[in-house]
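Participant: The structure follows.
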Protein chains: 2
Amino acid sequence: MHSLHVDLGDRSYPILIGSGLLKDPRYFEQCIRGKQVLIVTNETIAPLYLETVLAALSGFAKIDTVQLPDGEAFKTLDTVNRVFDTLLEKRHDRSTTIVALGGGVIGDMSGFAAACYQRGVDFVQVPTTLLSQVDSSVGGKTGVNHPLGKNMIGAFYQPQLVLIDIETLTTLPDRELSAGIAEVIKYGMICDAPFFEWLEANMDALLSRDPDALAYAIDRSCADKAAVVAEDERESGRRAILNFGHTFGHAIEAVQGYGNWLHGEAVAAGMVMAAELSCRRGWISARDVERLRALLSKANLPQQSPEGMTVDDYLQAMSVDKKVQDGKLRLVLLRALGDAQIVADTPKDQLMDALRACGAG
Amino acid sequence: MHSLHVDLGDRSYPILIGSGLLKDPRYFEQCIRGKQVLIVTNETIAPLYLETVLAALSGFAKIDTVQLPDGEAFKTLDTVNRVFDTLLEKRHDRSTTIVALGGGVIGDMSGFAAACYQRGVDFVQVPTTLLSQVDSSVGGKTGVNHPLGKNMIGAFYQPQLVLIDIETLTTLPDRELSAGIAEVIKYGMICDAPFFEWLEANMDALLSRDPDALAYAIDRSCADKAAVVAEDERESGRRAILNFGHTFGHAIEAVQGYGNWLHGEAVAAGMVMAAELSCRRGWISARDVERLRALLSKANLPQQSPEGMTVDDYLQAMSVDKKVQDGKLRLVLLRALGDAQIVADTPKDQLMDALRACGAG
């Protein structure tokens, strides 16, 4: 088992990564302080893993479950309200612990519910998709979407524990595995060039779900992210490099409608856009952009804008992005492979040119 | 002008108390860091003070306003969502500041909206009722009600500034002035016996809205509360003494329906219940209980349970209160006048007896 410590002062917590962790009551018992537990999961994950987790939690006096509908389209305030309904109907008090069993959507909503229920209760993440294991399980970003913008309502809230059971990836559809790999590649791009090279050499092993390769990639991704977050928990500065590709990706998701493109797929295309822009600024080379495109292609991820989306669609969608500050669009670009930087002075023509290089109309 | 510093490390902020502060742009300009401002107010307050505040804020590039319906019945997630709608429709980014202009309900919802919008934006409180000036403007408790419980959804979130303009009290209805005085009396009861004596001597001046008396009572109440909060921001321990009378009060509000009894009225009756219980435990004297009843009576506040409410109503309602921990009801009682203590071992017969002493059926 790999174990990682996310260092955030009195909000620090461990990430445990290994095979078969879900079955073992010890990990839950070590970190759940009260006697009440609410498992938040969805209709897809419940048939696969709920029984296992219920068995592991059987030592607790009170265990309730709420099953939410599956998908980004349901990541709303209304759905979170169903978690509050259950907590109150079942009389959970301030000592309860919310266990998020599922992917990033479940994690984001459960974490937000934990942040807000009685102004804050304990929270354990059990991410079951590669994307949520390498991304949303580190950093404490929780929240929901609003019809006018993604992740616009939320809180910074840290869990007590993140439990990553590699075995849950055996049931993950291929398309979602690839979507997770997009975020893994991101860490190589923004802060870990040697990891990017490792991915170039080991993509086949990841795609064939080799447990050792998966465990290594998850561990390294979480460590890369934890290092960035520890420096800047509330994203006042450098943490924003984690949004590499995301401003473009959010535009794709917003215009396509949440859920049509997977988040990781949108981020993949978005990373190419950011890379093309970095290249036009004279930072990374055309060869670097090509390496990114090749790696994404090997991982079965898109490198182009969705058909029919125009440059104007992007400009419009990006103007409501959280990365806008006092009217200026802030973007994450690459000075070199493995070295990201936040810029607020992108010339509009370069931006439009980079979008067109990725097929935006 | 009185000025008070709430000491919470990097979340510290000032409270300014005086006459005519709303008119003066300086106070806003000193603490608002961005260029965008959203004023959140309600249909009752807007006709009285919105224009004044808009004028004082006229130096900012972008000022929007959202008017919410007035009253505790509207303190819901749906109403907060209207604030999010406005913020997004008007394209407010992460550098925006939310200005809460109104009573406690506006402050609680605006603060919660500020805590959650883009995971946290700046927030200025302009409380316009005595209750919100002495209570919700200190301590960072924000949130909304749920059909199954009061303040069940929320966040701890501190403002950048609290601006208390005594002149706003000239338009406050008598009944609401008294409701605010209930919380003022509370500070005397739980931690400031000399202030309780001052209130016994100066209640007439407060009721006749003498500006000096009001300013003194607000300043001292805020200082008393700030001292308690500075010790225990997130209510892991001693801060709970601020809930003196509130567990009973919340039961009254829940059973009567929010808004039929004002919060301060429910707290007044609740304080008598807690005092009667403290007396039965052998702590404060029957004479102390009598002094509380007399002071509340002078302030035109209730000292008895609402007609028709039974002991069982209280027991049922209090079992979902946030003060319940691992199944145990925690109550704030008085060892002496000015000395509160949290207890978790109240004998049920004493509790029922105290409720009956206040007229519960």
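The values are calculated or read from the model by the stated rules, or taken from the named source; none is laboratory data. As the structure is a computational prediction, the values presented were derived from the model and not from experiment. Every residue, glycine as well, gets a Cβ built from its backbone with ideal geometry; the counts of neighbours run over all protein chains shown.
Participant: Restricting to the stretch B:100-122, give me the number of residues that are under 17 Å from the mean Cα position of the chain (by Cα) and among the aliphatic types (A, V, I, L, M).
Facilitator: Counting residues in the stretch B:100-122 that are under 17 Å from the mean Cα position of the chain (by Cα) and among the aliphatic types (A, V, I, L, M) gives 5.
Participant: Let me ask something else. Is it the case, given these coordinates, that residue B:54 is without any contact (Cβ under 8 Å) to a residue 40 or more places away in the chain, outside any strand (DSSP E or B), within 14 Å of chain A (Cβ to nearest Cβ) and hydrophobic (A, V, I, L, M, F, W, C)?
Facilitator: Numbers: without any contact (Cβ under 8 Å) to a residue 40 or more places away in the chain: yes; outside any strand (DSSP E or B): yes; within 14 Å of chain A (Cβ to nearest Cβ): no; hydrophobic (A, V, I, L, M, F, W, C): yes.
So residue B:54 fails the test.
Participant: Further, regarding this structure: Go through the stretch A:74-109 and report how many residues are touching a Pro at 6+ places or on another chain (Cβ under 9 Å) and at the interface with chain B (Cβ under 9 Å from one of its Cβ atoms).
Facilitator: 2
Participant: Moving to a separate point now. Exactly one of these conditions fails for residue A:227: (1) of a type in the set (Gly, Ala, Ser); (2) touching a residue at least 24 places away in the same chain (Cβ under 8 Å); (3) more than 21 Å from residue A:141 (Cα to Cα). Give me its number.
Facilitator: Only one criterion in (1) of a type in the set (Gly, Ala, Ser); (2) touching a residue at least 24 places away in the same chain (Cβ under 8 Å); (3) more than 21 Å from residue A:141 (Cα to Cα) is unmet by residue A:227, namely (3).
Participant: Can I ask one more? Take the residues in the stretch B:327-346 that are within 14 Å of chain A (Cβ to nearest Cβ) and hydrophobic (A, V, I, L, M, F, W, C), then tell me which one is nearest to the chain's Cα centre (by Cα). Break it down stepwise before answering.
Facilitator: Initially, the stretch B:327-346 is screened for residues within 14 Å of chain A (Cβ to nearest Cβ), giving B:327-330, B:342, B:344.
Imposing the further condition that a residue be hydrophobic (A, V, I, L, M, F, W, C) reduces the set to B:329, B:342, B:344.
Values: B:329: 22, B:342: 20, B:344: 24 Å.
The extreme case among them is B:342.
Participant: Could you check, for the stretch B:232-240, whether at least one of its residues is part of a helix (DSSP H, G or I), in contact (Cβ under 8 Å) with a residue 24 or more places away in the chain, surrounded by fewer than 24 Cβ atoms within 10 Å (Cβ to Cβ) and more than 15 Å from the chain's Cα centre (by Cα)?
Facilitator: yes
Participant: Still on this structure, I have one more. Considering each of B:203, B:271 in turn, give the residue that is of a type outside the set (Asp, Glu) and more than 29 Å from residue B:74 (Cβ to Cβ).
Facilitator: On the way: B:271 fails: more than 29 Å from residue B:74 (Cβ to Cβ).
On inspection, the qualifying residue turns out to be B:203.
Participant: Inside the stretch A:110-176, counting only strands (runs of 3 or more DSSP E) that do not spill past its ends, which hold 1 or more residues that are within 14 Å of another protein chain (Cβ to nearest Cβ)? Can you show your working first?
Facilitator: Values: elements: A:122-127, A:141-146, A:149-156, A:161-165.
Correct list: A:122-127, A:141-146, A:149-156.
Participant: Could I ask something else about it? Got a number for residues in the stretch B:58-73 being in contact with a Gly (Cβ under 9 Å, 6 or more places away or on another chain) and more than 25 Å from residue B:32 (Cα to Cα)?
Facilitator: Number of matching residues: 4.
Participant: Restricting to the stretch A:59-69, what's the tally of residues that are part of a loop (DSSP other than H, G, I, E, B) and modelled with pLDDT under 95? It would help to see each step written out before you state the result.
Facilitator: Initial filter on the stretch A:59-69 (part of a loop (DSSP other than H, G, I, E, B)): A:59-61, A:69.
So of that shortlist, the ones also modelled with pLDDT under 95 come out as A:59-61.
Residues in the stretch A:59-69 being part of a loop (DSSP other than H, G, I, E, B) and modelled with pLDDT under 95: 3 in total.
Participant: Moving on to the next point. Of all residues being in contact with a strand residue (DSSP E or B) (Cβ under 6 Å, 6 or more places away or on another chain) and farther than 24 Å from residue B:262 by Cα in the stretch B:119-138, which is surrounded by the most Cβ atoms within 10 Å (Cβ to Cβ)? Just the residue, please.
Facilitator: Here the residue is B:123.
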